[in-house]
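Have a look at the structure below, then the notes.
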Amino acid sequence: MDVSSMKASVRAGGRRCISGGMRHAPERLLTALGLAGGLAFVVGSVLFLNPERYTEGVYLFIFGSAAMLLERLGRIWLER
């Protein structure tokens with residue numbers, strides 16, 4: 001399908017759009033980042049219960065906090 005027929009399809013109410021699939025990609029990426037951060041916090045908390053896994057827990061907490069910070073900053077950026 002060439003570009004002119006795609007444009008005609010969009011004007012006619014068709015579902016084909018050049019950037020239609022990418023419209024929600026940033027929100028999905030930020031949601032995945034926030035979920036990964038939250039999961040890292042939970043797993044890090046469990047690892048703190050075992051003294052031999054303390055270091056891994058610290059690294060997961062650092063990753064989780066960075067992921068959640070980036071998720072929030074990304075949402076602020078998209079809302080502007």
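Brief remarks follow.
- Filter result for residue 79 (in contact with a Gly (Cβ under 8 Å, 6 or more places away or on another chain), of a type in the set (Asp, Glu) and free of Cβ contacts under 8 Å to residues at least 40 places away in the same chain): no
- Counting only helices (runs of 4 or more DSSP H) wholly contained in the chain, the ones carrying 3 or more residues that are at pLDDT 95 or above and exposed (fewer than 15 other Cβ atoms within 10 Å of the Cβ) occupy 25-47, 54-79.
- Selection within the stretch 53-80 - over 17 Å from the mean Cα position of the chain (by Cα) and of a type outside the set (Ser, Thr, Tyr): 53, 56, 57, 58, 60, 61, 62, 80
The values are calculated or read from the model by the stated rules, or taken from the named source; none is laboratory data. Note that the structure is a prediction, hence the values are computed from the model and not measured. Note that each Cβ is placed from the backbone with ideal geometry, even for glycine, and that neighbours are counted across all protein chains shown.
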